[in-house]
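Below is one structure, written out as structure tokens; the observations come after it.
Readers should treat all values here as calculations from the given coordinates under stated rules, not as data from a laboratory. Remember, predicted model here, so these are calculated numbers, not experimental data. Using ideal geometry, Cβ is built from the backbone for each residue, glycine included, and neighbour counts are taken over all protein chains shown.
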Amino acid sequence: MTRKRDPKAKFSCPYCRSSDTVWRGYRYNEKTKKRMRLCNSCGRKFTPDSMFFRMRFHPDEIKRALELRKKGFSLAEARLRLQREGVRVSRWTISLWEKRYGKKFSQK
């Protein structure tokens, strides 16, 4: 079985720092499905970190909260809108998301 190399890959193995990696299946989370990579040098599998590493909420929920804040909704109004959509989140959490991701999403 030959492994297909990804020429655009900018991922390096977190264990041996080799850039000789290939896509190797999926890792399923409670909320999402993430692609895994296999290092051809050391043979270990890893998942490249995303912007939403170790976040409890789904990335779409975080993006939705930031969109509401960008449209001018207050923290309480954004929280109520998300609650109507089935997402239970506090105003403080939305505020932290805004500090963490606000600049990244305002540029798009």
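Please give the length that would be gained between Ser90 and Cys42 if that part of the chain were fully extended, namely 0.36 nm times their separation in residues minus their C-alpha to C-alpha distance (nm, one decimal).
13.0 nm
Check Val89: other-chain or 5+ apart residues with amide H under 5 Å from its amide H, H built from backbone geometry?
Close amide H contacts, sequence-distant or interchain: none at all.
Which pairs break 32 Å Cα to Cα here: Lys10/Lys104; Lys45/Lys70; Lys45/Lys71? All intermediate terms of the calculation are to be shown ahead of the outcome.
Numbers: Lys10/Lys104 20 Å; Lys45/Lys70 38 Å; Lys45/Lys71 41 Å.
Those over the limit are Lys45/Lys70; Lys45/Lys71.
In the stretch 62-93, what GluC sites (Glu not before Pro) fall in a loop by DSSP, with at most 13 other Cβ atoms inside 10 Å? Before the final figure, lay out each step's value.
Values: sites: Glu67, Glu77, Glu85; in loops: Glu85.
Hits after loop and neighbour filter: Glu85.
What number, rounded to the nearest 500 deg cm²/dmol, is the helix-based mean residue ellipticity at 222 nm of the chain, given -39500 (n - 2.57) per DSSP H run of at least four residues and division by all its residues?
One gets -11000 deg cm²/dmol as the mean residue ellipticity at 222 nm.
Around Arg24, which amide H atoms from residues at least 5 apart in sequence, or from another chain, sit under 5 Å from its own amide H, with H modelled in the peptide plane?
Hits under the 5 Å cutoff: Met36, Arg37, Leu38.
Could you tell me how many degrees, from 0 to 90 and to the nearest 10, lie between the Cα long axis of helix 91-106 and the main elongation axis, the longest principal axis, of the Cα atoms of the chain?
Around 60 degrees separate the two axes.
What list of ³J(HN,Hα) couplings, whole Hz, do you get for the stretch 43-60 from phi and the Karplus terms 6.51, -1.76, 1.60, once you set θ to phi - 60° and write x for glycine and proline?
Once rounded to whole Hz, the list reads x, 9, 9, 8, 10, x, 5, 9, 5, 9, 5, 6, 9, 6, 8, 5, x, 5.
Could you give each residue of the stretch 64-70 its phi-based ³J(HN,Hα) in whole Hz, using Karplus coefficients 6.51, -1.76, 1.60 with θ = phi - 60°, and x for Gly or Pro?
With the stated coefficients, the stretch 64-70 comes to 4, 4, 5, 5, 4, 5, 5 Hz.
Which value, in debye to the nearest 20, describes the size of the charge dipole of the chain about its Cα centre when Lys and Arg Cβ atoms bear +1, Asp and Glu Cβ atoms bear -1, and nothing else is charged?
Working: 32 positive and 10 negative charges, 38 e Å.
Charge dipole of the chain: 180 debye, to the nearest 20.
Please give the charge dipole size of the stretch 59-106, origin at the Cα centre, charges +1 on K and R Cβ atoms and -1 on D and E Cβ atoms. Round to the nearest 20 debye. Spell out each step's value before the answer.
Details: 14 positive and 6 negative charges, 32 e Å.
Dipole magnitude for the stretch 59-106 comes out near 160 debye.
So what's the Cα pair-distance distribution over the chain, bin width 10 Å, in %?
That works out to 13, 34, 24, 19, 10, 1, in percent per bin.
Specify the longest stretch of the chain that does not include any exposed loop site, a site being one of the chymotrypsin sites (Phe, Trp or Tyr not before Pro) with a non-H, G, I, E, B DSSP assignment and at most 13 other Cβ atoms within 10 Å.
Details: sites that count: Tyr15, Phe53.
Longest stretch, sites excluded: 54-108.
Given the Cα-Cα distance of Phe53 and Glu77 and 0.36 nm per residue of separation, how much length would full extension add, in nm? Please report the intermediate quantities before stating the final value.
Details: separation 24, 0.36 × 24 = 8.64 nm, distance 2.65 nm.
Extra length from Phe53 to Glu77 when fully extended: 6.0 nm.
For Leu68, Leu80, which order do you get if you count the other beta carbons within 10 Å of each Cβ and list the fewest first?
Numbers: Leu68 19, Leu80 14.
By the 10 Å Cβ count, ascending: Leu80, Leu68.
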